[in-house]
1. Take the residues in region 143-167 that are under 30 Å from residue 121 (Cβ atoms) and out of contact with any Lys or Arg (no Cβ under 7 Å at 6 or more places or on another chain); name whichever of them is most open to solvent (accessible area, probe 1.4 Å).
2. Residue 113 versus (1) acidic (Asp, Glu); (2) closer than 21 Å to residue 66 by Cβ; (3) touching a helix residue (DSSP H, G or I) at 6+ places or on another chain (Cβ under 7 Å): which is the lone unmet condition?
3. Answer yes if at least one residue in region 177-188 is acidic (Asp, Glu), outside any loop (DSSP other than H, G, I, E, B) and within 18 Å of residue 81 (Cβ to Cβ), and no otherwise.
4. If we keep just the residues of region 60-95 that are touching a helix residue (DSSP H, G or I) at 6+ places or on another chain (Cβ under 6 Å) and either at pLDDT below 85 or not in a helix (DSSP H, G or I) (or both), which is nearest to residue 47 (Cα to Cα)?
Amino acid sequence: MGKDLRGAISSCTLRAEIIPFTMKKEARPAAVNRKGAGAMGSDTLQSVIDLAIQKEEEAYNFYMNLRNNVEDKSAKDTLKYLADEEADHKSFLVKCKEQMSCDIVLRPDMPVDYKVAENLKQPDIQKNMNSEEVFLVAAARELYAHNFYKGLAELCPKGPVKELLLRMANEEMRHKEKMEYLYSNTAFAQTAGG
């Protein structure tokens, strides 16, 4: 079902301070007005979508660069898969921006959050990382992307803009789930004895 974002955005006010999306700090949404007064118009909607597109481009580049530091074929394939997923997210957002409407479908099933990225120290990115290190770095990256979109959504009232941001947050959590699953199966491989 298509949603008109232009009309819905008028009541969405962003109040948080903008900080760059990094691996070291949790991402927070962009600021429009620190006191919370004023509503976002279509120009601000464009800014929010532009910021989301930028984050997806950064994620794509991150995974492709990380792929260059890995020798393991399955880890390389996984990183290419993640990069392609981020490129798909960018395409979706570009379409939303161009049409000022989106088909927003929230999947009813919630991804499983194993909380691995939250509880293990993220390894430093270096040449020839092993698979479990790659999966842990990727899970942490997806956690930060999830928090970025979720933080933006929390600042918006119920409606299509919030639904769009929650969809993006949910997609990033699905990626985190996949990476944590792969990490667990690599780090704690089951032996023939069970």
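The values are calculated or read from the model by the stated rules, or taken from the named source; none is laboratory data. Everything numeric in this text was worked out from a predicted model, so none of it was measured. Neighbour counts run over all protein chains shown; Cβ positions are idealised from the backbone, glycine included. In case anyone asks, the SASA skips ligands and DNA or RNA and just uses the protein heavy atoms, side chains included. Shrake-Rupley method; radii C 1.70, N 1.55, O 1.52, S 1.80 Å.
1. Looking only at region 143-167, we keep the residues that are under 30 Å from residue 121 (Cβ atoms), and these are 143-154, 165-166.
Next cut, out of contact with any Lys or Arg (no Cβ under 7 Å at 6 or more places or on another chain) only: 144, 147, 149-150, 152, 154, 165-166.
Details: 144: 40, 147: 36, 149: 3, 150: 86, 152: 2, 154: 120, 165: 8, 166: 67 Å².
The qualifying residue most open to solvent (accessible area, probe 1.4 Å) is 154.
2. Of (1) acidic (Asp, Glu); (2) closer than 21 Å to residue 66 by Cβ; (3) touching a helix residue (DSSP H, G or I) at 6+ places or on another chain (Cβ under 7 Å), only one is false for residue 113: (2).
3. yes
4. 70
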